[in-house]
1. Among the residues that make up region 328-347, is at least one of them outside any loop (DSSP other than H, G, I, E, B) and open to solvent by 10 Å² or more (accessible area, probe 1.4 Å)?
2. Please tell me if residue 233 is assigned to a loop (DSSP other than H, G, I, E, B) and in contact (Cβ under 8 Å) with a residue 60 or more places away in the chain.
3. Can you tell me which residues in region 73-121 are surrounded by fewer than 18 Cβ atoms within 10 Å (Cβ to Cβ) and free of Cβ contacts under 8 Å to residues at least 24 places away in the same chain?
4. Going residue by residue through region 239-252, is there one that turns out to be in contact with a strand residue (DSSP E or B) (Cβ under 8 Å, 6 or more places away or on another chain) and at pLDDT 95 or above?
5. Can you confirm whether residue 136 is farther than 20 Å from residue 216 by Cβ and without any contact (Cβ under 8 Å) to a residue 12 or more places away in the chain?
6. Could you run through region 301-327 and say how many residues are among the acidic types (Asp, Glu) and not in a loop (DSSP other than H, G, I, E, B)?
7. Would you confirm, using the coordinates I've provided, whether residue 252 is within 21 Å of residue 324 (Cα to Cα) and small (Gly, Ala, Ser)?
8. Tell me, please, whether a residue that is in contact with a Lys or Arg (Cβ under 8 Å, 6 or more places away or on another chain), within 26 Å of residue 112 (Cβ to Cβ) and surrounded by fewer than 19 Cβ atoms within 10 Å (Cβ to Cβ) can be found in region 212-219.
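The values are calculated or read from the model by the stated rules, or taken from the named source; none is laboratory data. This is a predicted model, so every value here is computed, not measured. Glycine gets a Cβ as well: all are built from the backbone with ideal geometry, and neighbour counts include every protein chain shown. Each accessible area value is taken on the protein alone, full model and side chains, heavy atoms only, with ligands, DNA and RNA left out. Shrake-Rupley method; radii C 1.70, N 1.55, O 1.52, S 1.80 Å.
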Amino acid sequence: MKKTFPILIAAFVAFTMFAGCEKADKPDPKKDDPDTTEYLYFEAVEAGATVKMEIVGSVDAPSLEYSTDLTEWTSYDLNKPEVIKLEKAGDKVYWRSPGKLDRFSKDETNYIHFVLGKKKVAAGGNIMSLVDKTCESVTIPSRCCFAWLFDNGTALVSSPKLPATNLKDGCYFHMFNGCISLEKAPELPATSLALGCYEYMFLGCTSLKEAPELPAAELWLACYMNMFADCASLEKAPELPATKLAEYCYDGMFQGCTSLKEAPELPAMNLSKRCYAWMFNGCTSLEKAPELPATKLAEQCYYAMFQSCISLKEAPELPAMNLAENCYAWMFNGCTSLEKAPELPATELAPYCYSTMFSECAITEAPELPAKELAEFCYESMFYDCPNLSHIKVGFENWGSDSATLEWVVGVPSAGSFECPDGLEVKYGDNFIPTGWGVNDTATPPAAAS
């Protein structure tokens, strides 16, 4: 008995320890290991920050949960959204779907978004937790999935990760619209894009200084349209390696980026409708334009591309011989520092091809215009309000209808020289030869014009 008693005690202790360990190690099905899943979260940068979600328009509310400790999860009723207050700086609220969703927001006007208060908050984690509890998916499930998600989030100072590589149409449409405190954009790893996928994504993010890399070589309709529009602090654009463009792909991409000093290289030879339209419109710090090597143009491809770039001093070469309707229209309008126009070698014109192209520029001499036949509105307002213009040379022998040169020399100086074939009728006025200018042998030499 004396030998048996210690053995029984030891056995009992071992059993209770094993049972205790088994009980402690047994997972609670109601709790998740916080180390295994990177949920979307908001962290208070300032005490008293608030977060809520709400529906705009009509959307079938998906199931969502939130937690402040990654232990207890609470269902979030989007039909009766509550405000979650983060009392102290450093407090967090996490968000997830309780399973896997096949959609989130509905479309461009019916969507779900976060409403943030005035106190600063930082976002982090993985945005995909809103549609996939495991955060393993890299496929966005539906079009416009995260459209307008952080709209007008003026207190947002950082973004969550956006790891998706399989995108859907409009998936990030207006996602960070008006996030004026956001300084850095998230990485965007997708190499295959979708229609309008990044359209207006960072519109009005006035503190954004750094753009993400954009590695995609295959583009889709409007994929980058107005992506960084009005990002007034953006100083450098990302590389744009695509060589074959899609309609509207870069339309307005950097317009209103008033701090942008250097444009990216644009190597594409295959253009599409409005591919570069408005791309750098209003980039008031841009001094030099990128090379534009394409020789065959598309409708409105360069429309207003550098409009109001008031610091632009050097225009790119424009070697194209095959023009398209509105291809160069408004291209340099309002470039008040541009003193020399590029050569325009094309001999066959298209409707509106050069309309308002150099309006309000500081050029002293127009590029030679060798075309012998005019197209509808081809030179309309081309030199409108060019205050230093003193020389024009043309190759056409017939004015045709007034539309081809409608108001093309309104506001130019009253002295200058006009060179033309001998057969061209000498007519003066805003639609013809500038009033007061000499013609051919009677022309005032450009150097002497005032």
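1. Checking region 328-347: not a single residue is outside any loop (DSSP other than H, G, I, E, B) and open to solvent by 10 Å² or more (accessible area, probe 1.4 Å).
2. Details: assigned to a loop (DSSP other than H, G, I, E, B): yes; in contact (Cβ under 8 Å) with a residue 60 or more places away in the chain: no.
Criteria not met by residue 233.
3. 74, 75, 77, 80 - these are the residues of region 73-121 that are surrounded by fewer than 18 Cβ atoms within 10 Å (Cβ to Cβ) and free of Cβ contacts under 8 Å to residues at least 24 places away in the same chain.
4. So the first thing to find is which residues in region 239-252 are in contact with a strand residue (DSSP E or B) (Cβ under 8 Å, 6 or more places away or on another chain), and the list is 242-245.
With the extra rule that they be at pLDDT 95 or above, the set shrinks to 245.
Within region 239-252, one or more residues are in contact with a strand residue (DSSP E or B) (Cβ under 8 Å, 6 or more places away or on another chain) and at pLDDT 95 or above.
5. Details: farther than 20 Å from residue 216 by Cβ: yes; without any contact (Cβ under 8 Å) to a residue 12 or more places away in the chain: yes.
Yes.
6. Going through region 301-327, the residues among the acidic types (Asp, Glu) turn out to be 314, 317, 325.
From what's left, not in a loop (DSSP other than H, G, I, E, B): 314.
Total satisfying the criteria: 1.
7. Yes.
8. Looking only at region 212-219, we keep the residues that are in contact with a Lys or Arg (Cβ under 8 Å, 6 or more places away or on another chain), and these are 218-219.
Next, only the ones that are within 26 Å of residue 112 (Cβ to Cβ) stay: none.
Within region 212-219, not a single residue is in contact with a Lys or Arg (Cβ under 8 Å, 6 or more places away or on another chain), within 26 Å of residue 112 (Cβ to Cβ) and surrounded by fewer than 19 Cβ atoms within 10 Å (Cβ to Cβ).
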